[in-house]
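Student: Sharing a structure below in structure tokens format, with a few things to ask.
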Amino acid sequence: PSYIYGAMEYFIKPTTLCGVQPCVVTPIVTPQQFWPLSGWQDMTISESISQGLGIVDSTLRSELASGSDSIVAFGDSQSSTILTFEKARLAGLLDAEKQRLIFVLVANPNRPNGGLLERIAPFTIPVLDLAGSGATPTDTGIKTIDIACQYDGIADFPRYPLNIFAMLNLIAGAAIHSSYISGPVEYTEQELDDASATPGNQQVYGDTVYITIPAK
């Protein structure tokens, strides 16, 4: 319940129609594993993403086929990577189907300018089975809101990692990536709403609105 509350109040309501009309919340459970960091018996991150993608794809296609309402898909960290692949998969939908979809991504490892999995593309770290899968597409016609906190080491990784000041900022903000749902970088809900709505913190490219929350 606390996770759903944080996702809705901090990110979904301020950026979608859920802020002005009731929305039915349907949690989708995916593995969210990352061997060995999450456990020695767990799947590798690539295996976890692959299994999660199957679950999310099946769920969204079922929702699209069963009604006409708008659908908001929310992803956080690994789930944002899952939605990155799903967005590419759904690029062939009819325009009317695409118009029903909104993706809200936070802490996105595939953020085009800053995502770690974009920064290291096209390489793979074999021991971790961590693939540089590139950037979330921006040309599918599926509206996307991509939100990241400044100095998040996974979603806002420095362009120049040899810059000592950039890396010091990264180290100082090491806890940011896991803080989004509990209250990103110590923002209140109102402060976060204000920061998200500030034009200087937004950038639009293709079908995506990028929002960067400044570090306090």
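Student: Per-residue ellipticity at 222 nm for the chain, helices alone: DSSP H runs ≥ 4 residues times -39500 (n - 2.57), over residue total, nearest 500 deg cm²/dmol? Spell out each step's value before the answer.
Tutor: Numbers: 7 runs with 65 residues, N = 216.
Mean residue ellipticity, 222 nm, calculated: -8500 deg cm²/dmol.
Student: Can you list the HN-Hα couplings for the stretch 43-49, worked out from phi with the Karplus curve (6.51, -1.76, 1.60; θ = phi - 60°), rounded to whole Hz and with x for Gly and Pro?
Tutor: 6, 5, 5, 5, 5, 5, 5
Student: Same structure, new question: For the chain, modelled as a GNM with alpha-carbon contacts under 10 angstrom, which of SER38, SER46, SER80 fluctuates the most?
Tutor: Of the options given, SER38 has the highest mean-square fluctuation.
Student: Follow-up. If you restrict to DSSP beta bridges whose two residues both lie in the chain, what percentage is antiparallel, to the nearest 5?
Tutor: 25 percent
Student: If you don't mind, another one. Read through the labelled values (1) 60, 35, 31; (2) 144, 28, 24; (3) 51, 39, 34 and report the label of the one computed as Cα extents along the principal axes in Å from the structure.
Tutor: Correct label is (3).
Student: Which value, in debye to the nearest 20, gives the size of the charge dipole of the stretch 13-123 about its Cα centre, when Lys and Arg are +1 and Asp and Glu are -1 at the Cβ? Please report the intermediate quantities before stating the final value.
Tutor: Working: 8 positive and 10 negative charges, 49 e Å.
Using Cβ point charges on Lys, Arg, Asp and Glu, the stretch 13-123 gives about 240 debye.
Student: Students often check this: by mean Cβ neighbours within 10 Å, which of 126-133, 65-72 ranks highest, and how do the rest follow?
Tutor: 126-133, 65-72
Student: Hey, another quick one. Report in % the part of the accessible area of the chain that belongs to carbon and sulfur, leaving out ligands and nucleic acids; probe 1.4 Å.
Tutor: Numbers: 6580 of 11290 Å².
On the chain, the fraction of accessible area on carbon and sulfur atoms equals 58 percent.
Student: Taking the Cβ of GLY114 as the centre, find all other residues whose Cβ is under 15 Å away and add up their charges (Lys, Arg: +1; Asp, Glu: -1). Please report the intermediate quantities before stating the final value.
Tutor: Values: positive: ARG111, ARG119, ARG159; negative: GLU118, ASP146, ASP152, ASP156.
Result for the neighbourhood of GLY114: -1.
Student: Right, another one. What is the sum of charges, Lys and Arg at +1 and Asp and Glu at -1, for the other residues whose Cβ falls under 14 Å from the Cβ of ALA197?
Tutor: Values: positive: LYS13; negative: GLU189, GLU191, ASP193, ASP194.
Counting the neighbours of ALA197, the net charge comes to -3.
Student: Further, regarding this structure: Taking Cα centroids, how far is the stretch 114-147 from the stretch 25-72 in Å?
Tutor: 17 Å
Student: What's the local net charge at ILE181, with K and R +1, D and E -1, over the other residues with C-beta under 12 Å away? Write out the running numbers ahead of the final one.
Tutor: Values: positive: none; negative: GLU9, ASP76.
Once all neighbours under 12 Å are counted, the net charge is -2.
Student: From the residues VAL209, ILE71, PRO158, which one has its Cα farthest along the dipole of the chain in the positive direction, the dipole being from +1 and -1 charges on Cβ of Lys/Arg and Asp/Glu about the Cα centre?
Tutor: PRO158
Student: Projecting each Cα onto the charge dipole of the stretch 108-216 (Lys/Arg +1, Asp/Glu -1 at the beta carbon, about the Cα centre), which of ILE120, SER196, ASN110 comes out farthest on the positive side?
Tutor: ILE120
The values are calculated or read from the model by the stated rules, or taken from the named source; none is laboratory data. Please read all numbers here as calculations on a predicted model, not as lab measurements. Positions of Cβ are backbone-derived with ideal geometry, glycine not excepted, and every protein chain shown enters the neighbour counts. All accessible areas refer to the heavy atoms of the entire protein, side chains included, with ligands and DNA or RNA removed. Shrake-Rupley method; radii C 1.70, N 1.55, O 1.52, S 1.80 Å.
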